[in-house]
Amino acid sequence: MTSNYIHLNRLQKLNSLLKEGETLIIFAASHQIRNRDVEYKFRQDSDYFYLTSISEADGILVLQKDKRFHFCLPKNKSEEIWTGIRLGKEKIGSLLGLTESFELKEWSEKIEEILTNTSTLFHFFGKDSNRDRELIEVSARLNRKLRDGKFGPNRIEIPEFLHEMRLVKSEEEIQFLREAAVITDLGHREAIRASRPGIKEFELESILESVYLRNGSWGGGYGHIVASGKNATILHYTNNDDVLHEGDLILIDSGAEKNYYTADITRTFPVGKQFSPLQKDIYELVLSAQESVISICKKGVSFLDLHNKAVEILTRGLMDLKLLESNLEKNIEEGLYKKFYMHRTGHYLGMDVHDVGKYYINGKSRLLEPGQVLTVEPGLYFDPEDTDIPDKFRGIGIRIEDDVLITESEPEVLTFRTPKTISDLENLKKD
Ligand code: GLY
Ligand code: MN
Ligand code: MN
C-alpha cells in the first residue's frame, strides 16, 4: 500500500463520471499457479491498484453513483500465518471510504442486490472468462425478474473513461516514472559496463534485475530483453541464454518498475569496446530518427505524425545504404521499409509498459496532450537469413528507446540519463 491517499481523489473523480443506473466493477489480481503448488510472483492489477492502493489479492471494488462497495478476503489467523497479513473489511472500509465493506463469501448474494436495477455494467471483459460469465449470468438472472418489477444490466461495457484517466499522469505519477527511470539507468549502465565477449546474455539480465531490486524497485516491469548479435532481430527475444561475441552489438530492452510505474529503455551497444564503421552508420541513422521524433513530441502533434517522421528518416537512410531503391514515395506507400522496420514508433507508458488509453479518436490518430507519457523507440532489423541484402548487414538489430513526457512546451525525456551517443556508450566501456 502507498502511504498516501491518492486513490481517494481518483475515486471521487470517477464518481463524477458515473451516472445513476451505472455500476463499475474492478477485480484485483489473484495468485496464479506457475507449476504444481508454486505461484508466480504476485503483481496487483493496475486498474485495481490505481483506485485502491491495495496490494492484496482477490479484492473486488464496486462503484455506483455516490456508492462504494468492496469485497475482500476475511481476516483469518491460521491462513494469514501462511500467506501474510490481510487488511480485513473494517480497515478497507475506512481506507476506501466505503458505503459498505464485505467479505468475499458474501459476493454472490450481494452482487445480485447491488446490480438490481442497474442498466449498464462497466467491466473489463476479456481478461478472465470466468468473471465474464459470472457477470453475464447475474445480469441474465436479474433480467428474468422483469415481472417482479426488477431488472439487471442489459449492457456490459469496457470502462474506457478509467483508462482515459490513467492516460494523463499527475505530478505524483510523473515523479514515480522519474524514479523508475533513475533505477533503470543504474541497471543499464552496469550491464553496459559488464558486457564483454564470452559471457552469456543472462549474466547481464541478472545484473539488471539485481540492480533494480537493490534499489527498491519491484524488479523488471516486463521481461528483460538481452539480445546479442542476430538475436536482436527478434523483437521480443527473452531467451537470454546465448554467448556474447566480439564484433557483435547487443540490444538491451529493460525497465524497472517502481511504485507500480515502469520505465522502458532500450540501448544497443558493442559487446566489445567499439562500434564497427557499418554498425556506426546504422546506429547514427536510428539515433537521428529517434531524436527527430522526440523533438516533435509536443502538444497537438498526432501519434501517427511521430511514426511517419521515424518512417521517413529511416526509409531515406535505407535508400542511402542502397537497401531500398531510390523512390521514397513508393517505399513508404507500398510499405517496403517494413522489411527492416516492422513495429510502431512508440506506445503510452505508465503502470503498464504498454499503457492504457486510446490511440485513435473517431478514426483519427489522437493528438498528444500534456501529461501523457510515451516511448520513442525506432529501430532497424536485418534478417540474418535475408539473402537479398549484402552479407555485412545480416543479423544486425538496433533499437533506441526513451520515455518522453508531453508538456505544455518542450518534451521532457524522463530517461535522459542513460547514455546513447556512440561516444558516450564507448566511453562507458573504457576501463
Ligand atoms: N519492451 C517492450 C517495448 O518496448 O514495447
Ligand atoms: Mn517500448
Ligand atoms: Mn522496450
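Please list, in order along segment 104-114, the HN-Hα scalar couplings obtained from phi with the Karplus expression 6.51 cos²θ - 1.76 cosθ + 1.60 (θ = phi - 60°), rounded to whole Hz, x for Gly and Pro.
4, 5, 8, 3, 4, 6, 5, 5, 5, 4, 5
Identify, among 293, 252, 277, the residue whose Cα sits farthest towards the positive end of the charge dipole of segment 199-317, taking +1 on the Cβ of Lys and Arg and -1 on the Cβ of Asp and Glu, with the dipole about the Cα centre.
The Cα lying farthest towards the positive end belongs to 293.
If you take all C-alpha pairs in segment 204-267, what percent of them are over 12 Å apart?
Beyond 12 Å sits 66 percent of the P(r) for segment 204-267.
Please report the net charge: other residues with Cβ closer than 11 Å to the Cβ of residue 357, K and R +1, D and E -1.
Summing Lys/Arg as +1 and Asp/Glu as -1 gives -1.
Please give me the summed charge of the neighbours of residue 46: other residues whose Cβ is under 9 Å from its Cβ, Lys and Arg +1, Asp and Glu -1.
Value of the local net charge: -2.
Using only the Cα atoms, work out Rg/Rh for the chain, with Rh taken as the Kirkwood radius, to two decimals.
Values: Rg = 24.7 Å, Rh = 23.9 Å.
Reported Rg/Rh, Kirkwood definition of Rh: 1.03.
Taking the Cα centre of the chain as the origin, how large is its charge dipole in debye, to the nearest 20, when only Lys and Arg (+1) and Asp and Glu (-1) carry charge on their Cβ atoms? Numbers along the way, then the final one.
Working: 58 positive and 71 negative charges, 181 e Å.
Dipole size: approximately 860 debye.
Test of understanding: ordering 351, 342, 319 by Cβ neighbours within 10 Å, fewest first, what list do you get? Could you put the intermediate results ahead of the total?
Numbers: 351 23, 342 11, 319 16.
Going from least to most buried by this count: 342, 319, 351.
Give me the net charge for the shell around residue 266: Cβ to Cβ below 12 angstrom, other residues only, Lys and Arg +1, Asp and Glu -1. Display every interim value, and only then the final one.
Working: positive: 267, 399, 420; negative: 253, 264, 377, 401, 402, 403.
Here the charged neighbours net out to -3.
Straight-line reach from residue 429: which lysines have Cα under 23 Å away, leaving out those fewer than 8 places along the same chain?
Candidates past the 8-residue exclusion: 200, 230, 273, 280, 420.
Straight distance only, please: which aspartates and glutamates reach the Cα of residue 392 with their own Cα at less than 19 Å, same-chain residues fewer than 8 apart left out?
246, 248, 281, 284, 320, 325, 383
Per-residue HN-Hα couplings for segment 279-292, Karplus 6.51 cos²θ - 1.76 cosθ + 1.60 at θ = phi - 60°, whole Hz, x for Gly and Pro?
Once θ is set to phi - 60°, the couplings for segment 279-292 become 4, 4, 4, 5, 4, 4, 5, 5, 5, 5, 5, 5, 5, 5 Hz.
I'd like to know which of 31, 46, 60 lies farthest towards the positive end of the charge dipole of segment 1-134, counting +1 on Cβ of Lys and Arg and -1 on Cβ of Asp and Glu.
The residue sitting most towards the positive pole is 46.
Considering only C-alpha atoms, what is the centroid distance from segment 206-272 to segment 68-100, in Å?
Between the Cα centre of segment 206-272 and that of segment 68-100, the gap is 37 Å.
What's the whole-number percent of alpha carbon pairs in segment 263-345 lying beyond 20 angstrom? Walk me through the intermediate numbers first.
Values: 1355 of 3403 pairs.
Percent of Cα pairs beyond 20 Å in segment 263-345: 40.
From the phi angles alone, apply the Karplus equation (6.51, -1.76, 1.60; θ = phi - 60°) to segment 356-373 and give each ³J(HN,Hα) in whole Hz, x where the residue is Gly or Pro.
7, x, 7, 9, 10, 10, 6, x, 10, 4, 5, 8, 5, 10, x, x, 7, 10
Full-extension gain between residue 210 and residue 367, please, as 0.36 nm times their residue separation minus the C-alpha to C-alpha distance.
52.7 nm
If one puts a single equal scatterer on every Cα of segment 1-95 and applies the Debye formula without solvent, what log₁₀ I(q)/I(0) results at q = 0.13 Å⁻¹?
So the normalised log intensities work out to -0.49.
Cα extents of segment 357-429 along the three principal axes, largest first, in whole Å?
So the three principal-axis extents are 45, 38, 16 Å.
For segment 142-266, what log10 I(q)/I(0) values come out of the Debye formula at q = 0.16 1/Å, with one point per alpha carbon and no solvent?
Listed by q, the Debye log ratios stand at -0.78.
Report, by chain and number, residues whose modeled amide H sits under 5 Å from the one on residue 21, excluding near sequence neighbours (fewer than 5 apart, same chain).
65
Each value in this text was obtained by applying a stated rule to the coordinates, not by laboratory testing. Everything numeric in this text was worked out from a predicted model, so none of it was measured. For neighbour counting, all protein chains shown are included, and Cβ atoms are generated from backbone atoms with ideal geometry for every residue, glycine included.
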